[in-house]
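Structure first, then comments.
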Amino acid sequence: MSLTVVKPGLQTTLQGSPFSSHRHLGMPAAGAADSLSLALANHLVGEVAGAIAIEITLDDAKFVAEKHSAMALTGAASFFRINGEDQPLHTQTHMKPGDEIHIGPADQGCRSYLAVAGKIGAQSLLGGQSTYLGAGLGGFHGRAVKAGDEIQWAGNSEPDPTATKTPIELRPNLSGKYIIRVTTGPEISALTLYSQNKLFEEKFQAGRRANRMGLNLHGIVLEMENDEEMQSAPVFPGTIQCPPDGEPFLLGPDAQTTGGYPRIAQVIKADRHLIGQLRPGSEIQFVKISSQRATEIYRQKLSLLTPWLGAVSLW
Amino acid sequence: MNIVDIHICDDTLFCQLGDLDTVQAASSALRQQTIWREIVPGLKSVAVQFDPAQITPDEASDLLREQLLKPQAAAVPQIEPIAVPVCYDKIFGPDQEWIADKMGMSSEALVAWHSNLSFTVTMLGFMPGFAYLQCQEEIAKIGRLPKPRQQVEAGSIGIIGDQSCIYSFSSPGGWPIIGRTPVHLFRPENNHPALLSANQVVSFRSIDKAEFEKIAEEQYSRELGE
């Protein structure tokens, strides 16, 4: 026993690095929806960036500790309390047996990451351990945790005593408004020229149908050049597709591997972690950039993170 | 090989290819290369992902073009044909009636017709083990649902024109559904997790509800026994 779930909240899953190199079998990426917050949490407890941690969604969640361990919380939580006492986020914290750990609901943003010093036990498959809810695979028996579940971890690694607080400038700034940079997708011309422009001029709101697979985008209805059926083609986390009803949707980490609707844009790798913080009602402005610029931005972002996190990649 | 177009995103290249044979040959060839983190074939296209910290999109695109232009040994393996049991009871096929109407036949005739066709797996995708199937016959235009369903049950058989599909897990989905198989399509503990493979020949064997339940139960106890 290490941590007993008392209140799981809306959806709490074990997530770390995504699955890779199995998309051709239809296996999605899964993994932490906000890879940056995951890496920052893991660093504070001395774990590698993609280690399995606890991903908490929107609602508050409660756990009871069963042992001594270092832990750290990052992401959208409005508060972090141990036995009712406020603790800072982005800070190496400690739990002892019997402690009640309370993670506040998200005021802004959507997901929080609770990392612990040790390797969290999770189902291994296809070279990964993250939870893929769509097929009930990986993580904690392939599902979100429920009250009474016990999350276990082996060992008791000693976190780095010099890495106890995430530098302020590296902490993601969560708000209700997001600027998300995209490159155009292969079927951008399925939209009328007018709608192609509107996609990058108008703001969209994340719809109520929002989960780890993706979210609907409300705002203007996009017009299609024609209603030709498309052949099913590869899609990825960050792909924006537009079905015939003209309401586009943005794919998240659990996105299917292929889709049959025009792929009108692709969120750049450097900004994809933001998808994990979108919630119903979030305002999104898509900004179109070139793939060359997107690569520069990604490399810049990594070079800002590397002095703190060491070698790291985002997804 | 005639490369129509490579569309470049920052860590993903989307490449249009002429036909399925080209797609399968290209995918096998690209799998020999270590640079690609994902190689995902579509029906007429392939997409690859790479690490933009290591290589720029333009460099990756040049490399992909070069690799695709190399002459390739056709080594797409032939796999045993499989007959997938399907129950066409209307409770498993919510769209059966309107599809039959659209094709100008009775539901019974639609079932007889569909279970006599021979399909080839064109690709796996959408979710683990989900199979896209193609038949040679010309079929009246049956389109995707205008708004995807929130919940399609695992094993559901979809049909769009000359294509069919099998849903491996319950999920939202846009294919009109005519029946359901009790057989599981994806078992990650197996060496080959997916039941079906690209290029495999698939037919559908019509079963009644009793046989559906029997097969479902057998699979369940087999999984418990393992």
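Numbers for the structure displayed
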quantity: Members of the range A:272-293 that are part of a helix (DSSP H, G or I) and facing another protein chain (nearest Cβ under 10 Å); calculated: A:Arg272, A:Ser291, A:Gln292, A:Arg293
quantity: Residues (more than 19 Å from the chain's Cα centre (by Cα), of a type outside the set (Lys, Arg) and surrounded by fewer than 22 Cβ atoms within 10 Å (Cβ to Cβ)) located in the range A:271-296; calculated: A:Val287, A:Ile289, A:Ser290, A:Gln292, A:Glu296
quantity: Residue within the range A:106-122 that is closer than 22 Å to A:Lys67 by Cα, surrounded by fewer than 21 Cβ atoms within 10 Å (Cβ to Cβ), free of Cβ contacts under 8 Å to residues at least 12 places away in the same chain and outside the structural domain of A:Glu225 (by TED's automatic domain parsing) present; calculated: no
quantity: Scope the range B:164-186; condition facing another protein chain (nearest Cβ under 8 Å) and within 24 Å of B:Met105 (Cβ to Cβ); matching residues; calculated: B:Gly174
quantity: A:Pro97, sole failed condition from (1) within 27 Å of A:Asn211 (Cβ to Cβ); (2) over 23 Å from the mean Cα position of the chain (by Cα); calculated: (1)
quantity: Strands (runs of 3 or more DSSP E) enclosed by the range B:124-187 - at least 3 residues per element that are more than 15 Å from the chain's Cα centre (by Cα); calculated: B:149-152, B:177-180
quantity: Residue match in the range A:302-313 (condition: farther than 25 Å from A:Arg111 by Cα, without any contact (Cβ under 8 Å) to a residue 40 or more places away in the chain and within 11 Å of another protein chain (Cβ to nearest Cβ)); calculated: no
quantity: Boolean, A:Leu199 is surrounded by 20 or more Cβ atoms within 10 Å (Cβ to Cβ) and more than 16 Å from the chain's Cα centre (by Cα); calculated: yes
quantity: Leading residue by the ranking (farthest from the chain's Cα centre (by Cα)) among those in the range A:71-90 that are over 25 Å from A:Pro18 (Cα atoms) and not in a loop (DSSP other than H, G, I, E, B); calculated: A:Glu85
quantity: Index of the failed condition, B:Ser107 passing every other in (1) out of contact with any Pro (no Cβ under 7 Å at 6 or more places or on another chain); (2) within 9 Å of another protein chain (Cβ to nearest Cβ); calculated: (2)
quantity: Test: B:Phe169 is in contact with a Ser or Thr (Cβ under 6 Å, 6 or more places away or on another chain) and crowded, with 17+ Cβ neighbours inside 10 Å; calculated: no
quantity: Given (1) in contact with a Gly (Cβ under 7 Å, 6 or more places away or on another chain); (2) in a loop (DSSP other than H, G, I, E, B); (3) farther than 30 Å from A:Thr91 by Cβ; (4) within 14 Å of chain B (Cβ to nearest Cβ), number of the condition A:Pro186 does not satisfy; calculated: (1)
quantity: The range A:242-258, subset more than 7 Å from every other protein chain (Cβ to nearest Cβ), under 13 Å from A:Met213 (Cα atoms) and not acidic (Asp, Glu), residue surrounded by the most Cβ atoms within 10 Å (Cβ to Cβ); calculated: A:Pro253
quantity: Residues of the range B:120-137 that turn out to be in contact with an Asp or Glu (Cβ under 9 Å, 6 or more places away or on another chain) and touching a residue at least 60 places away in the same chain (Cβ under 8 Å), as a count; calculated: 1
quantity: Residue in the range B:28-57 that is nearest to A:Arg299 (Cα to Cα), counting only those that are polar (S, T, N, Q) and either more than 9 Å from chain A (Cβ to nearest Cβ) or buried (at least 20 other Cβ atoms within 10 Å of the Cβ) (or both); calculated: B:Gln54
quantity: Residue satisfying all of: in the range B:114-161; among the hydroxyl-bearing types (Ser, Thr, Tyr) and within 13 Å of another protein chain (Cβ to nearest Cβ); farthest from A:Ala30 (Cα to Cα) among these; calculated: B:Thr122
quantity: Qualifying residue in the range A:172-182 (condition: in a loop (DSSP other than H, G, I, E, B), in contact (Cβ under 8 Å) with a residue 24 or more places away in the chain and of a type in the set (S, T, N, Q)); calculated: yes
quantity: Qualifying positions in the range A:214-241 - within 18 Å of A:Ala30 (Cβ to Cβ), facing chain B (nearest Cβ under 7 Å) and in contact with a Gly (Cβ under 7 Å, 6 or more places away or on another chain); calculated: A:Pro234
quantity: Cβ pairs under 7 Å, 6+ apart, first in the range B:187-215 and closer than 30 Å to B:Ser27 by Cβ, second loosely packed, with under 12 Cβ neighbours inside 10 Å and among the aliphatic types (A, V, I, L, M); calculated: B:Ser203/B:Ala83; B:Arg205/B:Ala83
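The values are calculated or read from the model by the stated rules, or taken from the named source; none is laboratory data. Computed from a predicted structure; not experimentally measured. Neighbour counts run over all protein chains shown; Cβ positions are idealised from the backbone, glycine included.
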